[in-house]
Amino acid sequence: MLTINNLSVHYRQTLALDGATLTIDPRRIVGIIGPNGAGKSTLIKAILELVPSTGTVTYEGRPLKSQLRRVAYIPQRTAVDWDYPATVHDVVMMGRCVHIGWLRWASATDRKLVVEALERVGMEGFAERQIGELSGGQQQRVFIARALAQQADLLFFDEPFVGVDQTTEAIIFQIFAQLRDQGKTLLVVNHDLGEAVSHYDDILLMRNRVVAFGPRAEVFNDTNLGLAYGSGAIGRVLSGLPTTGMSSLPGDP
Ligand code: ADP
Ligand code: MG
């Protein structure tokens, strides 16, 4: 169980995240949904202590900070330096480094886990390629392989489907479901409210705070979507059309 209690983040004048409190059960795929600027990436960064925050985060009763080797984080694509010279094999082996420790040799087990992870995402033929040469969908699969090799229990993905074709998206959702069925917990930021939402068990609807959290069917209603996206956006949201940024709500300052 991942327990987030009163988590807040200020960036200078901006209150990016206001007192998020929620408990996420294991064996769930959680979709983090909300418009641009709603604090979705900030929530993940605050959980992982990548930005200064107030509040607490515990995993299975202990501070998450003391268990970061159990966590895999795949940041938004724009946050990754794609010119970094590394082969696909190297990137996936980085998932083993949390266990091996730097400056130690990878064991046969580590190498086997890397090969298996690449096979599982269908990227075994790309091991010696430079990561920067791959398409968006292939890169995303390599980062998922890294998380698999790490044998993480708690996985965070920030916008994994941006720049990814439909076939790859389907493969990724299949892998997510397998991981969930193995008892892992997945948190996936997805600003797009298209058909993809049906793959999530729980939905966390955000607008710089928790608007609603729970099983998908309970969270998606006009009131909650209006609170997150602005009432004018509901029709567009429900029809799967893009919603650009946040529209202002009656009652907003
Ligand atoms: P989302 O991922 O939902 O699009 P973000 O978490 O990236 O939203 O951003 C939440 C708010 O915090 C936005 O208003 C954004 O402009 C602001 N913000 C994000 N990162 C920074 C930063 N490093 N410095 C200042 N403001 C930021
Ligand atoms: Mg974001």
Dipole magnitude of region 95-162 about its Cα centre (Cβ charges: Lys, Arg +1; Asp, Glu -1), debye to nearest 20: 240 debye
Unit charges at the beta carbon, dipole of the chain: most positive-side option, Asn190, Tyr73, Thr167: Tyr73
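If N is the number of residues in the chain, what value comes out of its Cα radius of gyration divided by 2.2 N^0.38 Å?
Details: Rg = 18.4 Å, N = 253, 2.2 N^0.38 = 18.0 Å.
Here the answer is 1.02, to two decimals.
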For Arg28, residues with placed amide H under 5 Å, excluding near neighbours: Leu186
Thr21 paired with Thr3, simple spin-label distance in nm, labels 7 Å along Cα-to-beta-carbon: 1.2 nm
Theoretical gain in end-to-end length, Asp90 to Leu68 [0.36 nm per residue, Cα-Cα removed]: 5.9 nm
Measure of compaction for region 102-233 (Cα Rg per 2.2 N^0.38 Å): 1.23
Approximate spin-label separation Gln76-Thr109, in nm, with each point projected 7 Å along Cα-to-Cβ: 3.8 nm
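When only Cα pairs under 8 Å and 6 or more residues apart are kept, what is the percent relative contact order across the chain?
Details: 457 pairs, mean separation 68.3, N = 253.
Taking the mean separation of contacting Cα pairs over the length of the chain, I get 27 percent.
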Exposed-site-free run, longest, the chain (rule: GluC sites (Glu not before Pro); DSSP loop; at most 14 other C-beta within 10 Å): 129-253
Check: the chain dipole with +1 on Lys, Arg Cβ and -1 on Asp, Glu Cβ, in debye: 640 debye
Trypsin sites (Lys or Arg not before Pro) lying in DSSP loop within region 26-78, provided at most 13 other Cβ fall within 10 Å: Arg27
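For the chain, give the percent of accessible area contributed by carbon and sulfur heavy atoms, probe 1.4 Å, rounded to a whole number. Please report the intermediate quantities before stating the final value.
On the way: 6340 of 12420 Å².
About 51 percent, which is the carbon plus sulfur part of the accessible surface.
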Positive-end residue of His199, Gly132, Gly95, charge dipole of the chain with Cβ unit charges: Gly95
Computed [θ] at 222 nm, helices only, for the chain once each DSSP H run of length n ≥ 4 contributes -39500 (n - 2.57): -9500 deg cm²/dmol
Given 15 as the ceiling on other Cβ atoms within 10 Å, longest exposed-site-free region of the chain for chymotrypsin sites (Phe, Trp or Tyr not before Pro) in DSSP loops: 106-253
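Evaluate the charge dipole of region 180-231 about its Cα centre and quote only its size in Debye, nearest 20, assuming +1 on the Cβ of each Lys and Arg and -1 on the Cβ of each Asp and Glu. Display every interim value, and only then the final one.
Working: 5 positive and 7 negative charges, 47 e Å.
Dipole size: approximately 220 debye.
The values are calculated or read from the model by the stated rules, or taken from the named source; none is laboratory data. Since this is a predicted model, take the numbers as computed values, not measurements. Cβ atoms come from the backbone with ideal geometry, glycine included; neighbour counts cover every protein chain shown. The accessibility values were calculated without ligands, DNA or RNA, using every heavy atom of the protein model including side chains. Shrake-Rupley method; radii C 1.70, N 1.55, O 1.52, S 1.80 Å.
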